[in-house]
Every structure is written in structure tokens, then in C-alpha cells.
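Written out below as C-alpha cells is the structure these notes cover.
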Amino acid sequence: MAKLTTTEYHINLPNLPIEFDGFCIAHIADLHNADFGGQIEKELEYKNPDIIAMTGDIVSFQNRTLNAISLIKRALHIAPIYYVNGNHEARFKNYNAFAKKLRDEGVAVLHNQIKMLQRGDSKVAIVGIDDPAFFAPPKRENYLKQCAMLNAQCSVADIKILLAHRPEYFDHYANCGYDISLTGHAHGGQIRLPRLGAIWAPRHGLLPKTVSGVSQNGNSYMVASRGLGYVPLRMPPRIFNRPELVFATLGC
């Protein structure tokens, strides 16, 4: 069983209402149905986040869901869960049944949808977009259009938080006007070296800088998680890259 590491980020957003100062998001990415023996739940209970964001590849295409569903059931007792899919869900033949199971448990499954959180007169939009693999061709172009459309639909919100699987589109997320984006997918490069960081990631090339941690474009931020699991036999094991659970706390 892999040992979990937790990473905390504090991000100041210029437009964040005072009512949401200290708003804490637990970010779970790329679980791939892995079992951490209760470590994730213990960290969630200790940190007590306001919401839990799951940004895709919670399961893998092999149709195994037991560990993912068990985690979700326990985590729902700690905080509301907002979930978007990833590329593995697009290849998962039982995905529709899995998504229905999550909804039945009380998860907010966001298929190109928006949930609004309100405290007093202040509003924060949680925006969830499907992975590009779910879109009809031309997939990339339709994905980018949908991303912009969703942003326009939540113009009344003081802050817009995007849940998306892929970090390679950060510049587009920023140009659309999202204040903060939560992503995963690249596993932090899977293989990392001390001081150098990630060696390579698909669509990012050598020594990528936006597959882990916090990136900034103007007043827009992206938090890319290194993720938790991986798919044996289809990718190398994690090297200098322990499974990561992220907590992002927003400040005024």
C-alpha cells in the first residue's frame, strides 16, 4: 500500500468575497480505484474541507469501482463532493451506471454543469466540464467552446472555480475568465527527479511546469494535482512521485 503525501496551497484571489475567506477545497485526482487503507479519509477528517473536488480518472477503464465507491461513501460524511470525469471514464463501459451510483449516493456529478454556492449575498460557481474524450469531433474545439459557454453562464458569480481533468488547457481556462481551475491527468509527470521535477508528460513535453502545483496566468490560477493512483502494466510506476492529496485554501 502506497504512503500518501498531502500538499497544502493558500491562494489569494482578488475578487474573493469575505464570506468565502478561508474556503478550503480538498482535491482528489486520478485515484484509478486505488486503495489507501483509510489514509485519504483520515486526512480529510483532519483538514475538514468545505468541499471535496474530484477531477476525473477516479476509476480506470478495467471496470473496477469498489475502492472508489467505498472512498466516496465515507468522504461524503466529511464534505460535499463535486465530481467530473476523465479520459478513463470515457473508456469505462459501465460509466453511466457508475455516474448514477454516485448521484444516488449524493455526489454532485457535473456533466458540463454549474452548481452555485451562496453565503450571504456572495456567490461562488463550481463549474464542471466533461473530459474532451466525451465530446464529438472535433473534440478539442468543441471542448474549448463548451468551456467558454459554461463560463458565460455563471457571470453572476463573484468567483468561478473550474473542475476539469486536463491541465494542458490552462491558458484557455484563464482566457475564459475562471478564477481558479483544478486539474489532474498528468500524474505530475509520473517520473520526477529531485530539483528537476517532472521529466516528461503527454502534450507538455520535456520538463513540464504545469503538471503539478500552482500555475498563474494573470489573475487566474490552476492547481494541478499529481494524483493518487496509476494503471499497472500501462504506465511506469511512480518514481520520486508519491501519491498526492491536495488541499487548496482560498483567501481574500
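Structure summary
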| item | result |
| --- | --- |
| Projected label distance in nm at Glu41 and Ile199, using a 7 Å step from Cα toward the beta-carbon | 3.6 nm |
| Value of [θ]222 nm, deg cm²/dmol, for the chain, DSSP H segments ≥ 4, -39500 (n - 2.57) each, nearest 500 | -6500 deg cm²/dmol |
| Burial ranking of peptide ranges 78-88, 16-26 (average Cβ count within 10 Å, highest at the top) | 78-88, 16-26 |
| Cross-link partners of Lys73 among lysines (Cα-Cα below 28 Å; sequence separation of 8 or more within a chain) | Lys3, Lys42, Lys47, Lys93, Lys100, Lys101, Lys115, Lys123, Lys160 |
| For the chain, share of DSSP beta bridges that run antiparallel, in % to the nearest 5 | 40 percent |
| Among [x] 0.93; [y] 0.95; [z] 1.00, the entry derived from the coordinates for Rg/Rh (Cα atoms, Kirkwood Rh) | [x] |
| Where labels lie 7 Å past Cα in the beta-carbon direction, separation of Ile114 and Ala2 in nm | 3.5 nm |
| The stretch 25-141 - Debye-derived log10 I(q)/I(0), Cα point model, q = 0.13 Å⁻¹ | -0.51 |
| Gained length - Ala136 relative to Asn96, 0.36 nm times residue gap less alpha-carbon distance | 12.7 nm |
| Mean Cα-pair separation over length for the chain, i.e. relative contact order, pairs under 8 Å, 6 or more apart, % | 27 percent |
| Relative packing of 172-180, 156-164, which averages over residues the other C-beta atoms within 10 Å, highest first | 156-164, 172-180 |
| Dimensions (Å) - the stretch 113-209, Cα atoms, principal axes, largest first | 47, 34, 19 |
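Bear in mind these aren't lab numbers, they're just calculated from the coordinates by the rules spelled out. Because the structure is a prediction, the values reported are computed rather than measured. Don't worry about glycine lacking a Cβ; one is built from the backbone with ideal geometry, like all the others, and counts go over all protein chains shown.
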